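These notes concern the structure reproduced below.
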Amino acid sequence: MEELKKIILEFAETSKKTKFYFKDLEKAVQAKMPDAKSREIKKAATELVNEGKLIYFSTGSTTMYGLKGRGITEDQ
Amino acid sequence: MAFAPKRPQKEINYEEVRIYTEEELHNYTEEELKNFKIKHDIPALEDLEKGPWPSFVADAKREALHRKKLAEGRTMVDKDVVDDLLGQLELSFNDGETHWKHGGIVGVFGYGGGVIGRYSDVPEKFPSVAHFHTLRVNQPASKFYKTGFLRALCDLWEYRGSGVFNMHGSTGDIILLGTTTEQLEPIFYDLTHELDQDLGGSGSNLRTPSCCIGKARCEFACIDTQDLCYELTMHYQDELHRPAFPYKFKIKVDGCPNGCVASIARSDFSLIGTWRDNIRIDQEAVKAYIAGEIKPNAGAHSGRDWGKFDIQKEVIDLCPTGCMAMEDGELKINNAECNRCMHCINVMPRALRPGTDTGVSILVGAKAPILEGAQLATLAVPFMKAEPPYDNIKELLEKIWEWWMEEGKNRERLGELIQRKGLPRFLEVIGVPAAPQMVKMPRTNPYIFWKEEDVPGGWKRDIKDYRMRHKR
Amino acid sequence: MALSQERLGKYNPEKPTENRITDIGPRHFWDFFPPVIQKNYGKWLYHDILEPGVLVHVSETGDKVYTVRCGGPRFMTAEYIREICDIADKYCDGYVRFTTRNNIEFMVTDYEKVEALKKDLLSRKYVSGSYKFPIGGTGAGVTNIVHTQGYIHCHTPATDASSMVKAIMDELMDHFTGMTLPAHVRISIACCLNMCGAVHCSDIALLGIHRKPPIIDHEVIDSVCEIPLAIAACPVGAISPDKTPEGKKTVKIKEDRCMFCGNCYTMCPALPLSDKLGDGVAVLAGGKISNRISEPKFSKVVVPWLPNNFPRFPEVVEVVKKILNAYASDARKYERIGDWAERIGWEKFFEKCDLPFTEHLIDDYRLAYDTYRTSTQFKFTEAAWEVSRAAGGIK
């Protein structure tokens, strides 16, 4: 789990994009850990949200993940 | 029979939880309301106060007055919020354009859905609605309420939000329209702790499931719509609050093929109650309809003189499969030919009833036009029993989700994925054989995607072998 | 316990997870059912519409429940909901129900109470004279309109909804309180092609549409959007990457390809497309959701564009009335608008409704999947049982 979280954070910090779909996280993780299951990746992402490291970004119809403090923030 | 919640429900006693006193709730007179003007000029909206249909403008104005007359500190968002909402609406009429901006990073901690950010793009003119976020509150199945709950919700929302609602949003939620970012968490805290009530879905989540009135007050319902809806909602709370789907996913439960919650047009996973035995017939009641003793279609057409009820013309001839006939004064139905369209039952509810061996038909992939055009749901499973704990339905649903999460592109609805990959591939995924029930007609083109294993000898062939028989 | 009154309530921003309750779902339905509904759950035998807006349901136990149905504005305030509660407390032991189509239902077990309840409901009017609780919405008439947010609270609308509903229902009041049509008529409004109201299977659907391609906000597009997402959002591939003369990242748009869906704007606020002269209302007709007699079907576009003439949309109201009047005088009993149009043929529909047919009404977008079954109208054969068995539904 910690390993998954590390990969997700690394990806979130270094990716060109500042907002990612869950699928992007999934791909990033599976590139390094091909056996990682979606369910586990989601759990890891949820933990990161609960730790305040990742945030959700929603257009209302579509939701994405972002790294807290990077890219578009709440104070528009 | 009775249904039990997953955990004990908190009884809401309004007197115990209330915020506002009786005096505060009745703080203006009819006379004051008559003379009341909001702080903006709204001639176009005031025109909508006229006419017989309930006027949302007149309603909003009394909320504006009521808020205005509350003491300072008795609302946590500006008292002018309804004034500014109407003012901005009037400006939109003049400009022919909306003045709301996109959402963004607002929500309650740990949830990816349930809150939709909303900001005014003219905050200098309408400062009270500069931040005006929506909360979606998961409605109780089929929308029955006790007043204590509603009154408590009104107090909470008037105190910490605009006091303006949608009852209900298109997906089914109670919509709370307009509050500030600061108040989101306090609202969520009191919703969960005091009202024993959670938020609904938004974004790339399972959206709040909804259902028709079902057996609570409808003789046509073939399944326990509320129980099924509640069970799926509770079982998939994580999917509802924490987005990990490619896009939205809607579940709706209709009790019969009349389809009062429109699941066939509006849900990715449509559960429609049906039966597989025979329509129950009360021949005496059939005779009573024929004799004109009972109004057809429960009196739905009684506003106009359509002449005497004619069973041949109004029922038998309109049956889409022609499976009915009168024989020796009795109504006969060839049930093997019936496609359960409900017409005869709708016309003669006292004589005809759905069968008793009931379940659901499951259809998948309905959606509104964005992106690939609107779709109605496609029949995937003709019949399934639908009994608690509904494991068969959950297993099917999870198979679908797994495939969609794996194969679906970002912002691709299930129906679009099925179109892109083909219905045969979808059937393979959910592990059911093809059946003629799933199509209106077989394909008209011969471009069949044969697989190698379908063909004897496989696809590997030697060109030399071929050339031994055919010169170049 | 009581609702909190401190500014931040009992929430502690320092410790967001402290005492946090999550994933509890909605209130359970059973507790909110009136006693007569609990007692007769699953035992209802039949119903009758006693008069427009008043239903009786009869149970095998002999119990009856009378329902008085009122049209409500979907947009409503705490003041209005409290008034609903006052009525429910006075007549219905504190229970009330809302329907899928934004109606409000008051239920009583005693017929004696029905008259008093009706009288009370109809006596409640706004100071400006409109009813608060008009009674109707049953049987072969026009029930309440389902609709979306519009300018009230949405960021992508091409028209407004609450005002259009009010304008139309003011004119169709007699159809709400009467049952003189050949079958019921469902009207729906969605403010843009996103159709969060999913109006695409309604007898009459009114749909906000844009007609001008997006304007590109080159200055900010790279900072407020993920450009690749905006490009990917276009269903017709009309958006491609570009650079401004100063070398900033932006996009360009093939305007002749644009179908004005607004999907790019949903994903990127730097591509607005709303416009006072461009935006307006398309009218669709002949859709249905029920499987009754004919299969569920889509609504078809019968008027490509009408102006946004706020606040009363006279052109839209006129078209709705034209369709309703032609349908009322020509359709057979039980025939929905779509069934009627198909029986008489669409060319006759346009003639009878006095609506012009233009090239805009001929489809030139993509159509697929029309061979899939989209209904519950099928017959059981052995093949169906095989599906059911494989799916795990039956033995």
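Values computed for the structure shown
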item	result
Gyration tensor (alpha-carbon) shape descriptor, segment C:293-336, a/c threshold 1.5	oblate
Protein heavy-atom accessible area occluded, A/B pair - total, 1.4 Å probe, Å²	2300 Å²
Cβ neighbours within 10 Å from other chains - mean over C:267-277	3
Whole-Hz ³J(HN,Hα) from phi, Karplus 6.51 cos²θ - 1.76 cosθ + 1.60, for segment B:435-446, glycine and proline x	9, x, 4, 7, 10, 6, 7, x, 4, 9, 9, x
Dipole moment magnitude, nearest 20 debye, segment C:24-78 about Cα centre, only Lys, Arg, Asp, Glu C-beta charged	200 debye
Cα centroid separation, segment B:168-200 to segment C:199-261 (Å)	33 Å
Net dipole in debye of segment C:258-395 [+1 Lys, Arg Cβ; -1 Asp, Glu Cβ; about Cα centre; nearest 20]	700 debye
Solvent-accessible area buried by C and B, counting both chains, probe 1.4 angstrom, square angstrom	16700 Å²
Charge-dipole axis of chain C as Lys and Arg at +1 and Asp and Glu at -1 on Cβ define it, positive-most pick from C:273, C:323, C:187	C:187
Heavy-atom accessible area order for A:11, B:220, largest first, 1.4 Å probe	A:11, B:220
Cα-derived Rg over Rh, computed across chain B with Rh taken as Kirkwood radius	1.06
FRET efficiency, residue B:10 to residue C:252 (Cβ-Cβ, R0 51 Å, nearest 0.05)	0.35
Amide H contacts under 5 Å for residue B:178, placed H, 5+ residues apart	B:133, B:134, B:135
Per-q log10 I(q)/I(0), segment A:2-67, q = 0.12 Å⁻¹ (Debye; single scatterer per alpha-carbon; no solvent)	-0.25
Cysteines without a disulfide-compatible partner [chain B; Cβ-Cβ under 4.7 Å]	B:154, B:218, B:222, B:256, B:319, B:323, B:338, B:341, B:344
Percentage of interatomic Cα-Cα distances in chain C larger than 31 Å	54 percent
In Å², nearest 10: area of residue C:389 left accessible to a 1.4 Å probe	100 Å²
Segment B:38-80 shape via C-alpha gyration tensor axes, a/c threshold 1.5	prolate
Cβ charges +1 (Lys, Arg) and -1 (Asp, Glu), total dipole of segment A:2-67, debye	240 debye
Model label zone, residue C:358; criterion: amide N under 15 Å from point 7 Å along Cα-to-beta-carbon; scope segment C:311-341	C:315-316, C:319
Cα centroid separation - segment B:394-443 against segment C:110-139, whole Å	48 Å
Helix axis angle, B:56-68 relative to chain B longest principal axis, alpha carbon, degrees	40 degrees
Label-point separation, residue A:3 to residue C:86 (7 Å along Cα→Cβ), nm	6.6 nm
Sequence-distant residues sharing a close amide H with residue C:94 (under 5 Å, placed H)	C:89
Antiparallel content of DSSP bridges confined to the protein assembly as shown, in %, to 5	85 percent
Neighbourhood charge, 15 Å Cβ-Cβ cut-off, centred on residue C:15 and excluding it, Lys, Arg +1 and Asp, Glu -1	-2
Solvent-accessible area lost in complex, 10 Å² minimum, residues of segment C:290-304 relative to chain alone, 1.4 Å	C:290, C:291, C:292, C:293, C:295, C:296, C:298
Protein accessible area in segment B:14-194, 1.4 Å probe - carbon and sulfur %	51 percent
Relative contact order (%) - criterion: Cα under 8 Å, at least six apart; region: chain B	10 percent
Most to least accessible of B:357, C:110, C:256 (protein chains only, probe 1.4 Å)	C:256, C:110, B:357
Average accessible surface area per residue within the protein assembly as shown, 1.4 Å rolling probe, Å²	37 Å²
Total formal charge among the other residues, if their Cβ is under 12 angstrom from that of residue B:52, Lys/Arg +1 and Asp/Glu -1	0
Cut-off 10 Å between beta-carbons: net charge of the residues surrounding residue B:339, Lys and Arg +1, Asp and Glu -1	0
Segment residue C:328-residue C:122, length gained on full extension (0.36 nm per residue, minus Cα span)	71.4 nm
Label-point gap, in nm, between residue C:259 and residue C:244 - each point 7 angstrom along Cα→Cβ	3.2 nm
Accessible-area ranking of B:448, B:418, largest first, probe 1.4 Å	B:448, B:418
Carbon + sulfur, % of accessible area of chain C - ligands and nucleic acids excluded, 1.4 Å	52 percent
0 to 90° range, to nearest 10: angle between helix B:225-235 axis and chain B longest Cα axis	80 degrees
Shielding by partners, peptide B:426-439 (average Cβ within 10 angstrom, other chains)	5
For the protein assembly as shown: rounded, prolate or oblate by the Cα gyration tensor [a/c cutoff 1.5]	rounded
Shielding score for C:81-88, defined as the mean number of other chain Cβ atoms within 10 Å	6
Residue-wise HN-Hα coupling along segment C:321-330, computed from phi with Karplus coefficients 6.51, -1.76, 1.60 (Hz; x: Gly, Pro)	5, 4, 5, 4, 5, 5, 5, 4, 8, 10
Calculated from backbone phi, Karplus (6.51, -1.76, 1.60) coupling profile of segment B:119-125 in Hz, x at Gly/Pro	10, 6, 9, 10, x, 5, 7
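The values are calculated or read from the model by the stated rules, or taken from the named source; none is laboratory data. Just so you know, these numbers come straight off a predicted model, no measurement behind them. Cβ atoms come from the backbone with ideal geometry, glycine included; neighbour counts cover every protein chain shown. Ligands, DNA and RNA are stripped out before the accessible areas are found, and what is left, the full protein with its side chains, is counted by its heavy atoms. Shrake-Rupley method; radii C 1.70, N 1.55, O 1.52, S 1.80 Å.
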